[in-house]
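Before any comments, here is the structure.
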Amino acid sequence: MDAMETTCYGAKSTAMSRATPIVFVVDDDSSVRASLDRLIRSASWQSQTFGSAQEFLAHPRAFTPSCVILDVSLPDLNGLELQQRIVADRVETPIIFITGHHDVRMSVKAMKAGAIEFLTKPFDDDEILGAIAQAIERSEVALDTETETRSLRDRYEALSNREREVMDLIVAGKLNKQVGGELGISEITVKAHRGRVMRKMRAGSFADLVKMAVRIRPEC
């Protein structure tokens, strides 16, 4: 099953695509794609296959636990070049490399760039399934982190301009009196804004608020 067929399959049920992890296969060998497609589906994951890096890149990003089984040798971008694109834009999609010719230098480079595994064809079914399970688990963690960070940013954006100013200053270590002096408001008013910030950000403590600020703005 190639890209067009699997896209139709994935479009049948939005709920299914959100709930069921997706394993993308990028390999120019149709027999390898077909074999992996059957194996992946037998393990109750979704499978979407592509014959080239450009076909994969043209496919919309899936905000669902996922991973990529990626052949090193491809007709357009090679596997390592595609890995750079995926790492930059789809951090929640770990990569499992497969190759017909083991190359130690290439495998080291791929692993240093974050690949889960580097397997030489032919590989054992249990070996590839174990790598997929590990990759899906990592993807779930990355998506959970991204969802939480997005929620924090939404809460921060929901603060009033003054509340954001107060939050920024207090997480920078300013005392209420210093914040008031800098913003030209009373210390009592600062305390009121601070309380609203804590409630709106759902921070259980000042330490929690500081951690939230670091999550949404690492330069804090």
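Does Asp168 satisfy the condition of being in a helix (DSSP H, G or I) and closer than 30 Å to Gly100 by Cα? Break it down into steps so the answer makes sense when it comes.
Numbers: in a helix (DSSP H, G or I): yes; closer than 30 Å to Gly100 by Cα: no.
Considered against the rule, which asks whether it is in a helix (DSSP H, G or I) and closer than 30 Å to Gly100 by Cα, Asp168 comes out as no.
Does the range 190-207 hold any residues that are closer than 15 Å to Leu159 by Cβ and either assigned to a helix (DSSP H, G or I) or of a type in the set (A, V, I, L, M, F, W, C) (or both), and which are they?
Taking the range 190-207 and keeping what is closer than 15 Å to Leu159 by Cβ, we get 190, 192-203.
Within the range 190-207, Val190, Ala192, His193, Arg194, Gly195, Arg196, Val197, Met198, Arg199, Lys200, Met201, Ala203 meet the criteria.
Looking at the structure I just gave you, is Val210 touching a Cys at 6+ places or on another chain (Cβ under 9 Å), closer than 17 Å to Arg155 by Cβ and in a helix (DSSP H, G or I)?
yes
Name the pairs whose Cβ atoms lie under 6 Å apart, with the first residue in the range 24-40 and at positive phi, the second surrounded by fewer than 21 Cβ atoms within 10 Å (Cβ to Cβ), and 6 or more positions between them or separate chains?
Pairs found: none.
Here is a yes/no grid of residues against (1) part of a strand (DSSP E or B); (2) modelled with pLDDT under 95; (3) surrounded by 19 or more Cβ atoms within 10 Å (Cβ to Cβ); (4) of a type in the set (Ser, Thr, Tyr):
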residue: Leu36; (1), (2), (3), (4): no, no, yes, no
residue: Gln54; (1), (2), (3), (4): no, yes, no, no
residue: Leu80; (1), (2), (3), (4): no, yes, no, no
residue: Thr93; (1), (2), (3), (4): no, yes, yes, yes
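In the list Lys174, Lys200, Lys121, Lys112, which residue meets the criterion of being surrounded by 16 or more Cβ atoms within 10 Å (Cβ to Cβ) and of a type outside the set (Gly, Ala, Ser)?
Lys174
The values are calculated or read from the model by the stated rules, or taken from the named source; none is laboratory data. What you see is a predicted model, and the numbers here were worked out from it, not measured in a lab. Here Cβ is always computed from backbone atoms with ideal geometry, including for glycine, and neighbour counts include all displayed protein chains.
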